[in-house]
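Input: a single structure, listed below in structure tokens.
The values are calculated or read from the model by the stated rules, or taken from the named source; none is laboratory data. Quick caveat, the model's predicted, so the values are computed rather than measured. Cβ: placed from backbone, ideal geometry, glycine included. Neighbour counts: every protein chain shown.
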Amino acid sequence: MTAQFVIKLLTAASLTGLLLAVGLRLTAAQILDSLRRRRTAWIVVANFVLVPALTLALALAFGVPGPIAVGMILLGAAPFAPVVPVFTKMARGDLALAAGLTALFPFLSAFLTPVVCELSLKTLPGAGALRFDVPSILLVLVLTITVPLAAGVAVNHGLPELGRRLLRPMEVLSEATGAVSLAFVTIVEFQTILSTGWKPLLAMLLISELSLALGWVLGGPGRAARLVIGLGTSNRNIALALLIALQSFGDSPVVAAVVANGLLLILLGLVHVACWRFLAPAR
């Protein structure tokens, strides 16, 4: 069993479990209601057009090498990490909105992320030699994102008592699997991560902060909603980006680039949560 297979298996299991757990918390009516009250179209455009474009622009401006830039683009095209509801709860934001958008974006990602990546890579010098199989990736994303999410909602609707019993064990198991996956890939790719360099990390830091500001503006008048959109726009779906990297670029430094920049995004997300919770609490 190769290291890449283990990483792929752990990542897919974590992503599937997290999204199943999100679905177990929701009903279809809750999702629709949370989305009706927001400028959802603009939020979708920001996350699938503006943030990827910003990522590509800064990668080119900083002269980021091809494989590392590809890893950054994969993150830029994978919005609203499953951890956003957790961060929202810690920062005392609008948890219902966070759950609704976290439910919506993985479904959209299954169809839009491969397209956004394909278009972005066409304009990235040096990325032409890298393999990107859109149909194969679409199938993987549907099976690991759309299906478990829909299954969770269906169980919550038809068997709510079972859903309540499954929720906490599923959350604990999937979060633990995600932590093991991230730790394992960090160990395996450690030497390559060290060679990432400061320029790509600085570029990703700027992308994260600008995305946070963009999400805050699009969040509307309420602080709790602004917090959710800001966190969702700046915290990219590392598991999704890693899954795509392993699917298409497993023999290149792209995987290590996703991990290095993903670890930075997790750190920045925790810093933002701490600032909102302790330095700028809700009035």
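Report, by residue number, each residue of region 170-213 that is without any contact (Cβ under 8 Å) to a residue 12 or more places away in the chain and either hydrophobic (A, V, I, L, M, F, W, C) or out of contact with any helix residue (DSSP H, G or I) (no Cβ under 9 Å at 6 or more places or on another chain) (or both).
Passing the criteria: 172, 176, 179, 183, 187, 190, 194, 198.
Taking the options 131, 168, name whichever one is basic (Lys, Arg) and at pLDDT 80 or above.
Answer to the selection: 168.
Which of (1) over 22 Å from residue 46 (Cβ atoms); (2) touching a Phe, Trp or Tyr at 6+ places or on another chain (Cβ under 7 Å) is the odd one out, the single condition residue 121 does not satisfy?
(1)
If residue 191 meets every condition in (1) under 20 Å from residue 74 (Cα atoms); (2) part of a helix (DSSP H, G or I) apart from one, which number is that one?
Among (1) under 20 Å from residue 74 (Cα atoms); (2) part of a helix (DSSP H, G or I), residue 191 violates only (1).
I need the helices (runs of 4 or more DSSP H) fully contained in region 222-283, keeping only those with at least 3 residues that are surrounded by fewer than 17 Cβ atoms within 10 Å (Cβ to Cβ) and without any contact (Cβ under 8 Å) to a residue 12 or more places away in the chain. Full working, then the answer.
Values: elements: 223-234, 238-249, 254-274.
Of the helices (runs of 4 or more DSSP H) lying wholly inside region 222-283, those with at least 3 residues that are surrounded by fewer than 17 Cβ atoms within 10 Å (Cβ to Cβ) and without any contact (Cβ under 8 Å) to a residue 12 or more places away in the chain span 254-274.
Under 9 Å between Cβ atoms, at least 6 apart or on separate chains: pull out the pairs that start in region 103-122 with a residue that is in contact (Cβ under 8 Å) with a residue 12 or more places away in the chain and at positive phi and end on any residue that is surrounded by fewer than 23 Cβ atoms within 10 Å (Cβ to Cβ) and part of a helix (DSSP H, G or I).
Every condition considered, no pair remains.
Quick test of your reading of the structure: residue 70 fulfils all but one of (1) surrounded by 19 or more Cβ atoms within 10 Å (Cβ to Cβ); (2) modelled with pLDDT under 85. Name the failing condition by number.
Going through the list (1) surrounded by 19 or more Cβ atoms within 10 Å (Cβ to Cβ); (2) modelled with pLDDT under 85, residue 70 breaks only (2).
Mind listing just one residue for me: the one in region 79-96 that is among the small types (Gly, Ala, Ser) and farther than 26 Å from residue 144 by Cβ and, of those, surrounded by the most Cβ atoms within 10 Å (Cβ to Cβ)? Working first, answer last.
Residues of region 79-96 among the small types (Gly, Ala, Ser): 81, 91, 93, 96.
From what's left, farther than 26 Å from residue 144 by Cβ: 91, 93.
On the way: 91: 24, 93: 28.
Per the criteria, the residue is 93.
Only one residue in 142, 116, 155 is in a helix (DSSP H, G or I) and over 22 Å from the mean Cα position of the chain (by Cα), so which one is that?
Working: 142 fails: over 22 Å from the mean Cα position of the chain (by Cα); 116 fails: over 22 Å from the mean Cα position of the chain (by Cα).
Result: 155 is the single residue among 142, 116, 155 that is in a helix (DSSP H, G or I) and over 22 Å from the mean Cα position of the chain (by Cα).
Please indicate, with yes or no, whether at least one residue in region 54-61 is in a loop (DSSP other than H, G, I, E, B) and buried (at least 24 other Cβ atoms within 10 Å of the Cβ). Spell out how you get there, then give the answer.
Taking region 54-61 as the starting set, the residues that turn out to be in a loop (DSSP other than H, G, I, E, B) are none.
No, that holds for no residue.
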